[in-house]
Amino acid sequence: MTEKQICQVLGITKYQDFENLRNLLNNDQRFVNVSSKLWKTASLDHFLDNQSLDKTSFVITDIETTGSIRGKDRIIDIAAVKVKNGEVIGEFNSLVNPEMKITIPIRRLTGITNKMVIGSPHIETVLPKFVEFVDDGVFVAHNAAFDFNFINHEIKRLKHQSFKNPIEICSYRLAKKAVPEATSHGIVALSKFFNYKMENHHRAMPDVKATLHFFNIFLKILAESGIDDLFQLINLQKDKLTKKKLRKKIHKQFKYRKSKVK
């Protein structure tokens, strides 16, 4: 796809916007510059090694935040469990002092109060330790786009080294493939579907443990359909991308990132 075609999709005419677009593409591992002004999406093996699922380390992650707006809101709770071949090989769990007040709706949702986080470490301390914990593991979360993008935004804001594997697995999307008969695929609905006792929903570690329980079930179900390596799992979760959806996704990403470049 040429830069001109991308600009036509986005309706870009200003030179400044054009330069911003090029900077975004240059800094995104998902795109490869084929030649002058010509780009293509990178194949998975461009930035990730394929391997069998039983040899892959997955890092099941969840965060709780002061809100949903990247750049404005902050992480207040982060937890993860690293698992390989069904065996837990590590855990990470920390409250985070957001250096801002936690609103009443968020306190009610999570049960996390301002008093609970006042003595907790700041994100500048927690995030490097979390990235080190993840190491070369594959990031997994329920509705992963929120957690993965929020954490990555904080990594960039703090100018910290990012994850070794720039890819995420969404257990919500896998749920829709593995158990389409479930009426809904959120954590609470899946807890009822699988008769899993859910405690302290909207706290990071309980949500992680629930997601891990479901994720292990999904892998067993999908293995029966021949899904046994990482690339197959990544590709399985993808929705069919129509031209309309592509335009919408590109425009949304460009609009958000452009506001950050200014």
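When we screen ILE12, ILE75 for residues that are surrounded by 15 or more Cβ atoms within 10 Å (Cβ to Cβ), modelled with pLDDT under 70 and farther than 30 Å from ALA223 by Cα, the only hit is ILE12.
Does ASN114 satisfy the criteria of being touching a His at 6+ places or on another chain (Cβ under 6 Å) and over 26 Å from ASP45 (Cβ atoms)?
Working: touching a His at 6+ places or on another chain (Cβ under 6 Å): no; over 26 Å from ASP45 (Cβ atoms): yes.
Considered against the rule, which asks whether it is touching a His at 6+ places or on another chain (Cβ under 6 Å) and over 26 Å from ASP45 (Cβ atoms), ASN114 comes out as no.
Among residues of the range 189-213 that are farther than 21 Å from ILE63 by Cβ, those with a Cβ under 6 angstrom from a residue that is in a loop (DSSP other than H, G, I, E, B), sequence gap 6+ or separate chain, pair up as PHE193/ALA182.
Here VAL131 fulfils each of the conditions (1) touching a His at 6+ places or on another chain (Cβ under 9 Å); (2) over 14 Å from PHE92 (Cβ atoms) apart from (2).
Taking the numbered list (1) closer than 26 Å to HIS46 by Cβ; (2) touching a residue at least 12 places away in the same chain (Cβ under 8 Å) in turn, GLU132 passes all entries but (2).
Filtering the range 158-182 to residues that are of a type outside the set (Lys, Arg) and either modelled with pLDDT under 95 or out of contact with any Phe, Trp or Tyr (no Cβ under 9 Å at 6 or more places or on another chain) (or both) leaves LEU158, HIS160, GLN161, SER162, PHE163, ASN165, PRO166, ILE167, GLU168, TYR172, PRO180.
Within the range 180-235, track down each residue that is among the acidic types (Asp, Glu) and buried (at least 17 other Cβ atoms within 10 Å of the Cβ). Give the steps one after another, and end with the answer.
Kept after step one, since they are among the acidic types (Asp, Glu), are these residues of the range 180-235: 181, 199, 207, 224, 228-229.
The answer is ASP207, and nothing else.
Looking across LYS115, LYS101, LYS82, one residue alone is of a type in the set (Lys, Arg), surrounded by 13 or more Cβ atoms within 10 Å (Cβ to Cβ) and modelled with pLDDT of 95 or more. It is LYS82.
Taken together, the residues in the range 147-193 that are among the hydrophobic types (A, V, I, L, M, F, W, C), closer than 17 Å to LEU212 by Cβ and in a loop (DSSP other than H, G, I, E, B) amount to 1.
So is ASP239 at pLDDT 60 or above, more than 30 Å from ARG108 (Cβ to Cβ) and out of contact with any Cys (no Cβ under 9 Å at 6 or more places or on another chain) or not?
Working: at pLDDT 60 or above: yes; more than 30 Å from ARG108 (Cβ to Cβ): yes; out of contact with any Cys (no Cβ under 9 Å at 6 or more places or on another chain): yes.
It is true that ASP239 is at pLDDT 60 or above, more than 30 Å from ARG108 (Cβ to Cβ) and out of contact with any Cys (no Cβ under 9 Å at 6 or more places or on another chain).
Would you check if there is a residue in the range 207-214 being closer than 26 Å to LYS72 by Cα, at pLDDT 95 or above and of a type outside the set (Gly, Ala, Ser)? Among the residues of the range 207-214, at least one is closer than 26 Å to LYS72 by Cα, at pLDDT 95 or above and of a type outside the set (Gly, Ala, Ser), which makes the answer yes.
Could you tell me whether ILE89 is assigned to a strand (DSSP E or B), within 12 Å of the chain's Cα centre (by Cα) and among the β-branched types (Val, Ile, Thr)? In short, no.
The values are calculated or read from the model by the stated rules, or taken from the named source; none is laboratory data. Here the structure is a predicted model, which means the values were calculated and not measured. Neighbour counts are summed over all protein chains in view; Cβ atoms, including those assigned to glycine, are modelled from backbone coordinates with ideal geometry.
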